[in-house]
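A short write-up of the structure that comes next.
Read the figures in this text as sums done on the coordinates, not as results from a lab. These numbers were taken from a predicted model, which means no experiment stands behind them. Here the Cβ positions follow ideal geometry from the backbone for every residue, glycine too, while neighbour counts run over all protein chains shown.
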Amino acid sequence: MRRFILAAVMVFGFAAASASAADVKIGYVDMQRALNNSESGKEAKEQLAARLKKYQDEINGKQEELKKLKDELEKQGMLLSETARASKEKDYQQRLKEFQRFTKDAQDELQAKDEEFTRKILEEMEKVIKEYGRANGYAFIFAKNDSMMLYVDEKSDVTEEVLKRFNTAKKK
């Protein structure tokens, strides 16, 4: 992280030395807003929401099965022989482990899919940002994130222009 900040300071220093501050065009793209408002981002959200609903339905069904098994075990526990009760408890524990494994796998799969969608969109958006910067004479276009930008003049925000170009490029 320090290397990035040092590099940015050095670049600004060189830019200031080679041209006056008024001649250097600097912009930024709010990447989170761009991701959320892009057509690709909205499609990715819809796909993730559909997968989440599918998993949630499965999880709810499995939870209901586990609840029935546990209730059955509690109701019949005293009436069953020791071996029968042990067998039902073992079956319950096995299903509980499978349920826990399933929910963890579902979470991992959703997170991986989200990261995959995000990475792909960002790679495509980066190309559009570079083209936009070249075409409009920008010396720098930064990615805005909450932890790095201490102050940003809203006049430097090129997010909407980049979004328009990105969505148009995706439609072609």
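Averaged over residues, the count of other Cβ atoms within 10 Å places the peptides 92-102, 125-135 in the sequence 125-135, 92-102, highest first.
The alpha carbons of the stretch 84-172 give a radius of gyration and a Dmax of 23.6, 78 Å, in that order. Here the extension length gained between Glu115 and Asn36 equals 27.1 nm, from 0.36 nm per residue of separation less the Cα-Cα distance. The per residue volume of the convex hull around the alpha-carbon atoms of the chain is 159 Å³.
Neighbour counting of Cβ atoms within 10 Å sorts the residues Lys120, Lys144, fewest neighbours leading, into Lys120, Lys144. Near Arg119: Cβ cut-off under 14 Å, other residues only, Lys/Arg at +1 and Asp/Glu at -1. The net charge is -3.
Between helix 82-135 and the chain there is an angle of about 10 degrees, using the helix long axis and the longest principal axis of the Cα atoms.
Helix 2-18 axis versus longest C-alpha principal axis of the chain: approximately 20°, rounded to the nearest ten.
The distance from the alpha carbon centre of the stretch 31-71 to that of the stretch 92-118 is 11 Å, rounded to a whole number. Placing +1 on the Cβ of every Lys and Arg and -1 on the Cβ of every Asp and Glu, with no other charges, gives the chain a dipole of roughly 260 debye about its Cα centre. Between beta-carbons, use under 13 Å as the cut-off and find the net charge around Glu89, counting Lys and Arg +1, Asp and Glu -1. Computed value for this residue: +2.
Computed from Cα positions, the angle between helix 159-171 and the longest principal axis of the chain comes to roughly 70 degrees.
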